[in-house]
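Chemist: Pasting a structure here, questions to come.
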Amino acid sequence: MKRMNKTNSHLGGFNSGASLGGKVSHYRDKQNIYKQGAPAYTLFYIQEGGVRLSTKTKHQASAVTAILGVHDFFGELCLAGYPLRMSTAVALTASSIRTIKKEKMLEMLRKKNKASNSLVAYLLSSVKQYRDHVADLLTSSAEKRLARVLLRLAHLDKNGREGAEIPSLSHKVLAEMVGTTRPRVNLFMNRFRKQGFIHYDGSGVEVHQTLRKVLRGR
């Protein structure tokens, strides 16, 4: 089973994470990293494993807002002055995550060198991806949203690979990400499997590039 190992083009110089400083901590599968509403003094960099972010409002159930992998940052809203965590972060698998103090990261950003430019580009890209995700929830069918989520988790959106494995995620989590019900996710996943777009191997899901046909209306 392959771990999530996205290589972000903006952050090629930070693959080891050591240049970011801070302390590396290890988390178990499904262990909380922080909870929504907690004080926000640090941000985080994933060196191994994956993280799920979810947000809960007063009158609605918790919703998954992001699934992150290796070389991704999270908790970065503290850099914009947010005093509290806006989401809950939970380890998807056994994970190694670097904790970086807000002051240290702001110091790096002020240097205006190649490293700071890479960080700014990454943060801007993160904002765009979040806005695209929200727009997708408003305009696409649930089936297309699920296909796009699976392709993104497998990092097949911008490369020529034929397929890749993703960690096993419950249909409940996928339903929260897509904004639909678990029965509908079950229906779509079975349909994708029968059409050869995905394959279950017992430890995870293999996603094929052919799943992009769903986005084009087949």
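Chemist: Quick one: which residues, 5+ away or cross-chain, put their amide H under 5 Å from the amide H of Thr42? H built at 1.01 Å from N.
Modeler: Lys102
Chemist: Let me ask you something else. Quote the charge dipole size of the chain about the Cα centre in Debye, to the nearest 20; the model charges only the Cβ of Lys and Arg (+1) and of Asp and Glu (-1).
Modeler: Details: 37 positive and 15 negative charges, 67 e Å.
That gives a dipole near 320 debye.
Chemist: Would you kindly derive the ³J(HN,Hα) couplings of the range 101-110 from the backbone phi angles with the Karplus curve 6.51 cos²θ - 1.76 cosθ + 1.60 (θ = phi - 60°), listing them in order in whole Hz, with x for Gly and Pro?
Modeler: Running phi through 6.51 cos²θ - 1.76 cosθ + 1.60 with θ = phi - 60° gives 5, 3, 4, 5, 5, 4, 4, 5, 5, 6 Hz.
Chemist: A further question on this structure: For a quick check: with amide H placed at 1.01 Å from N, whose amide H comes under 5 Å from Gln36's, ignoring anything fewer than 5 positions away on the same chain?
Modeler: Thr88, Ala89
Chemist: Further question: Taking 27 Å as the cut-off for C-alpha to C-alpha distance, list the pairs among Lys56/Lys128; Lys58/Lys104; Lys30/Lys102; Lys114/Lys144; Lys35/Lys144; Lys30/Lys213 that go past it.
Modeler: Numbers: Lys56/Lys128 22 Å; Lys58/Lys104 33 Å; Lys30/Lys102 25 Å; Lys114/Lys144 37 Å; Lys35/Lys144 30 Å; Lys30/Lys213 33 Å.
Listed pairs above 27 Å: Lys58/Lys104; Lys114/Lys144; Lys35/Lys144; Lys30/Lys213.
Chemist: How large is the direction-averaged shadow of the alpha-carbon convex hull of the range 168-218, in nm²?
Modeler: Working: hull surface 14.3 nm².
With every direction weighted equally, the projected area is 3.6 nm².
Chemist: Can you tell which of Gly21, Gln31, Leu153 lies farthest toward the positive end of the dipole of the chain, using +1 and -1 charges on the Cβ of basic and acidic side chains (Lys, Arg; Asp, Glu)?
Modeler: Sorting the options by dipole projection puts first Leu153.
Chemist: Further question on the same structure: Expressed in nm to one decimal, what extension gain is obtained for the pair Thr57 and Lys35 from 0.36 nm per residue of sequence separation less their Cα-Cα distance?
Modeler: Extra length available between Thr57 and Lys35 comes to 6.6 nm.
Chemist: What are the trypsin sites (Lys or Arg not before Pro) within the range 44-109 that DSSP puts in a loop, where the Cβ has at most 12 other Cβ atoms within 10 Å? Working shown, then result.
Modeler: On the way: sites: Arg52, Lys56, Lys58, Arg85, Arg98, Lys101, Lys102, Lys104; in loops: Lys56, Lys58, Arg85.
Answer in residue order: Lys58.
Chemist: At 1.4 Å probe radius, can you tell me the per residue accessible area of the range 69-212 in Å²?
Modeler: Working: 7440 Å² over 144 residues.
Counting only protein heavy atoms, the per-residue value for the range 69-212 is 52 Å².
Chemist: If only Cα atoms are counted, what is the Rg of the range 39-125, and what is its Dmax, in Å?
Modeler: 13.6, 44
Chemist: Next question, about the same structure. What whole-number value in cubic angstrom gives the convex hull volume per residue for the C-alpha atoms of the chain?
Modeler: On the way: hull volume 27.3 nm³, N = 218.
With only Cα atoms used, the chain gives 125 Å³ per residue.
Chemist: Right, here's the next one. Computing the accessible area with a 1.4 Å probe over protein heavy atoms, can you report the carbon and sulfur percentage for the range 18-84? Before the final figure, lay out each step's value.
Modeler: Details: 1940 of 3590 Å².
Carbon and sulfur: 54 percent of the exposed surface of the range 18-84.
Chemist: Hey, in the GNM for the chain with a 10 angstrom Cα cutoff, which one of Ala94, Ala61, Ala115 fluctuates hardest?
Modeler: Ala61
Chemist: Sort Leu138, Leu92 by accessible area with a 1.4 Å probe, largest first. Intermediate values should be presented prior to the final figure.
Modeler: Working: Leu138 145, Leu92 30 Å².
I get Leu138, Leu92, largest accessible area first.
The values are calculated or read from the model by the stated rules, or taken from the named source; none is laboratory data. What you see is a predicted model, and the numbers here were worked out from it, not measured in a lab. Counting neighbours? That spans all protein chains shown, and the Cβs are built from the backbone with ideal geometry, glycine included. Accessible surface is based on the protein model in full, side chains and every heavy atom, while ligands, DNA and RNA are left aside. Shrake-Rupley method; radii C 1.70, N 1.55, O 1.52, S 1.80 Å.
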